[in-house]
Amino acid sequence: MSGVDRMRLKPALLAFVVAASGVAACHTVREEQVTLPSATPAPLIPIAPIGAAPQPTPRPTANPGGSPPPDEEPLPATPGGGGSCSDPQPPDVSRMDVKIHIRGANRLVLDATPLVGPDEAYCKQIGFTDGRRFCPTRPEGNPERFACDAAAVGNAADTGRAGPTWRANGGPCVFTNGCENHPDNQFLAFAYAPGSYQACAASGVCGTVAVTP
């Protein structure tokens with residue numbers, strides 16, 4: 001090959017080398033490109049239907065009109081009303097024995113027992129043989145007990161029922177004074193507050209019990 005031919009070949013060879021380099025570079029760039037995966041939306045999570053919001057448990061409210069709460073403790077048995085007091089008839093009431101009979105959550109049950117005498121002979125005749133001179137009108141459990149108590153005590157001034165008249169702190173036995181007559185037995189009363197509670201026979205003989213906090 002002559003020198004002239006060599007001179008002609010060099011530009012063509014150079015152009016071929018440049019073209020080949022460009023193709024290789026383009027191929028390399030394409031291979032290095034990272035194909036990103038197409039974004040796939042996340043599956044929807046089903047949402048359970050929302051139920052009604054829980055309601056608070058209603059709290060009991062006070063009885064309307066300021067009336068006392070319902071019974072919260074067992075009450076003593078109410079007396080029978082059809083009996084009578086046979087002989088021997090009780091003598092006059094000399095004392096009223098008043099005590100706390102039941103302690104409930106919100107109130108006390110007070111009990112009044114009339115004592116008659118001094119009469120040892122009467123007490124012995126009705127069954128008290130221990131020589132006592134003051135005694136109830138009949139022993140506990142005697143079927144004539146309530147009738148004889150009623151005969152000895154008389155009727156309450158406020159309710160008209162057989163039994164003593166109850167008073168609280170010098171006032172009438174009403175709920176606003178912390179006191180209430182038992183609905184069936186006048187010898188019982190409810191105490192709702194501390195104070196002095198009194199039970200009086202129709203003759204004026206009274207007994208008192210102190211209720212402390």
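Compute the FRET efficiency between residue 129 and residue 92 as 1/(1 + (r/R0)^6), taking r as their Cβ-Cβ distance and R0 = 25 Å, and round to the nearest 0.05. Walk me through the numbers before you get to the answer.
Working: r = 22 Å, r/R0 = 0.89.
Computed FRET efficiency for residue 129 and residue 92 comes out at 0.65.
So for region 119-168, averaging the separation of alpha carbon pairs under 8 Å that are six or more residues apart and normalising by length, what relative contact order in percent results?
That works out to 20 percent.
Based on the mean of other beta carbon atoms within 10 Å per residue, what is the order of 185-191, 196-202, 104-110, most packed first?
With the highest mean Cβ count within 10 Å placed first, the list reads 185-191, 196-202, 104-110.
Students sometimes get this wrong: rank 100, 126 by accessible area, probe 1.4 Å, all chains present, largest first.
100, 126
Sort 112-121, 83-92 for me by packing, meaning the mean count of neighbouring Cβ atoms within 10 Å per residue, highest on top.
Values: 112-121: 19.3, 83-92: 13.3.
In decreasing order of mean packing, 112-121, 83-92 become 112-121, 83-92.
The values are calculated or read from the model by the stated rules, or taken from the named source; none is laboratory data. Keep in mind it's a predicted model, so treat the numbers as computed, not measured. Using ideal geometry, Cβ is built from the backbone for each residue, glycine included, and neighbour counts are taken over all protein chains shown. Note: areas computed on protein heavy atoms with side chains; ligands, DNA, RNA excluded. Shrake-Rupley method; radii C 1.70, N 1.55, O 1.52, S 1.80 Å.
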